[in-house]
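Please treat every number below as a calculation from the coordinates, not as lab data. In this text, all values refer to a predicted model and were calculated from it rather than measured experimentally.
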Amino acid sequence: MTKYHWCGEILRFIQGKGYVHEGGGVYLQYCDNCGWRGSFAVPTFRCPKCGGDLKDDHCALPVEED
């Protein structure tokens, strides 16, 4: 199992894309407006919950566990 070193989320490997968050995206995004957090396979700029601007929180960067 590979976990991201900042948030501890489980990542999966997609051939040709590398490690991604559970939503399929390399970046985990968030909305200051409503608090939504998630990941999309295709980059998006609007929150799916309220339509606000999304910001990048961090990218998927795996670390090996012992």
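Computed quantities for the displayed model
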| quantity | calculated |
| --- | --- |
| Using distinct alpha-carbon pairs, which all enter the 1/r mean, Kirkwood radius of the range 3-63 in Å | 11.7 |
| Theoretical gain in end-to-end length, residue 45 to residue 14 [0.36 nm per residue, Cα-Cα removed] | 8.9 nm |
